[in-house]
Structure formats: structure tokens, C-alpha cells
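Just so you know, all these numbers are worked out from the coordinates, no wet-lab data involved. Since the model is a prediction, treat every value here as computed from it, not as a measurement. Neighbour counts are summed over all protein chains in view; Cβ atoms, including those assigned to glycine, are modelled from backbone coordinates with ideal geometry.
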Amino acid sequence: MTQPKRPLLIDPPAWLISAESDLTLARLGHTQDVLPEQICFHAQQAVEKAFKAVLIAASVEFPLTHDLEELLDIFAEAGIPVPEELLDAGSLTPYAVETRYPGFWAPIENEDVVEALQSAEKTLEWAKGYLLNR
């Protein structure tokens, strides 16, 4: 049976709410007994959804992708400036898929987790500012 096509949610604030929820889960995981892979997964999801909220707000189409580098390229093509400190967000892309499977990824250190959380926090801050100034 073929799945019916569903329209993309086109409400940027709803995407930010979802991104905030992922960031909250990542933060909670960092204070609890949660695998670092799962913390980083939610941090990556927060960044991805925040990026997509900005693209939607700017009326820029994007593919269904978890690849943050691809989304950063779309920002560049659309002429949307992304702060320098967010340009390395692409390093979070592997956390979207590969780390969800036990044993598929090298151990993730606490430093990696902290960097993923910081990247997500900075990205959400930027995305919220972008939407407020539109």
C-alpha cells in the first residue's frame, strides 16, 4: 500500500517548538543515564528543525533530508547569511542516522556531546532571532 503524500508543515514557529523539544530532550539526557548517541541525535534534530524553520520562513524550498551540510548549501544559494559559528553544524549530520544503531559508530565522548548541545543552542538562538526579525 502506498502512503499518501502529506503536505509539509509550513508553520515556522511549529518547527521551532519541535526543535526546542529536541533540545530539551538532549539536555535532559545529558543530566541522566542516556546514551551519548541519543543525546547527539536530539541535538542534531534540533539543529535540522531550526534550519528548516528559517528556510520555511524565507519561503525557500528544501528536500526532505537530514544532511545539515546540504541545508547550509541551500542557505548560501538563497542568500541567507548564516553566522560563522553555525557553519560547522554539518558535523552533526551523522548523528541523524548512523548513531541510532548500537555498535555502528565509534564511542562518543562527553566533549562531543557538549559540542553538539552548544551547536543546537546557538542554532536555535539564531533561528528564533531570524523569525522575530521577519
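For helix 36-57, what angle does its Cα long axis make with the longest principal axis of the chain, in degrees from 0 to 90 and rounded to 10? Result, in degrees: 0. Take the Cα of Leu35, go 7 Å toward its beta carbon, and the backbone nitrogen atoms of the stretch 67-111 under 15 Å from that spot belong to 95-109. Computed 3J(HN,Hα) for the stretch 100-111, one whole-Hz value per residue from the Karplus formula 6.51 cos²θ - 1.76 cosθ + 1.60 where θ = phi - 60°, is 6, 10, x, x, 8, 10, 5, x, 9, 7, 4, 4, glycine and proline marked x. Taking all Cα pairs closer than 8 Å and separated by 6 or more residues, the relative contact order of the stretch 12-132 comes to 36 percent.
Computed 3J(HN,Hα) for the stretch 116-122, one whole-Hz value per residue from the Karplus formula 6.51 cos²θ - 1.76 cosθ + 1.60 where θ = phi - 60°, is 5, 5, 5, 4, 5, 4, 5, glycine and proline marked x. Straight-line reach from Lys49: taking Cα to Cα under 15 Å and skipping same-chain neighbours fewer than 8 places apart, the aspartates and glutamates in range are Asp11, Glu20, Asp22, Glu61, Asp67, Glu69, Glu70, Glu121, Glu125. When you filter the GluC sites (Glu not before Pro) in the stretch 37-67 for DSSP loop state and at most 12 other Cβ atoms inside 10 Å of their Cβ, you are left with Glu61.
The chymotrypsin sites (Phe, Trp or Tyr not before Pro) of the stretch 32-119 that meet both conditions, a loop assignment by DSSP and at most 12 other Cβ atoms within 10 Å of the site Cβ, are Phe104. The alpha carbons of the chain give a radius of gyration and a Dmax of 14.8, 45 Å, in that order. Net charge of the neighbourhood of Leu23, taken over other residues with C-beta under 15 Å away and scored Lys/Arg +1, Asp/Glu -1, is -1.
The helix-only estimate of mean residue ellipticity at 222 nm for the chain, built from DSSP H runs of length n ≥ 4 each weighted as -39500 (n - 2.57), is -19500 deg cm²/dmol after division by the residue total. Relative to the longest principal axis of the Cα atoms of the chain, the long axis of helix 12-31 makes an angle of roughly 10 degrees.
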